[in-house]
1. Filter the stretch 87-99 down to the residues that are in a helix (DSSP H, G or I) and closer than 10 Å to L37 by Cβ, then identify the one that is modelled with the lowest pLDDT.
2. At pLDDT below 90 and either touching an Asp or Glu at 6+ places or on another chain (Cβ under 7 Å) or among the acidic types (D, E) (or both), is that true of E102?
3. If you check Q50 against the conditions, is it assigned to a helix (DSSP H, G or I), within 14 Å of L20 (Cβ to Cβ), of a type outside the set (D, E, K, R) and at pLDDT 95 or above?
4. Where residues in the stretch 22-36 are surrounded by 15 or more Cβ atoms within 10 Å (Cβ to Cβ) and under 17 Å from S93 (Cα atoms), which of them is farthest from the chain's Cα centre (by Cα)?
Amino acid sequence: MATPPEPASPAAAPLDFAPLVAAVLPLDHYHRELEPLLPDLVRIVQLNDQLNGAFRRIAQRSGFAEGGEVERKHLGHDAEAVHTFFEYVYFASPAFLSTVGEWPLGGVRG
């Protein structure tokens, strides 16, 4: 039985998500395609409770706020949620949709 992820502190200190998401993104194999969407990824992470908590736990594990670096081992139990998020955004991204003839939206398939 898997150990549940540790909860994020409800009174968590302010965290600059932009550099944190930028540090985690290269650990995922969709990173090249998602780098242009970094501001959107950061906004979603800030607003989504599950992702916000996951990234806060990753920051805590890695000591990111104190100048730490994020490594794959710091993802811990949150690795699956983070990868699933990046994967979902990738398959909805203009980069992917253009490869299957679905971008630009409203364009003619050919």
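The values are calculated or read from the model by the stated rules, or taken from the named source; none is laboratory data. Owing to the predicted nature of the structure, the values given are computational and were not obtained by experimental measurement. Neighbour counts run over all protein chains shown; Cβ positions are idealised from the backbone, glycine included.
1. Filtering the stretch 87-99 for residues that are in a helix (DSSP H, G or I) and closer than 10 Å to L37 by Cβ, the one modelled with the lowest pLDDT comes out as A95.
2. Answer is yes for this residue.
3. Against the criterion (assigned to a helix (DSSP H, G or I), within 14 Å of L20 (Cβ to Cβ), of a type outside the set (D, E, K, R) and at pLDDT 95 or above), Q50 does not qualify.
4. Top of the filtered list is E33.
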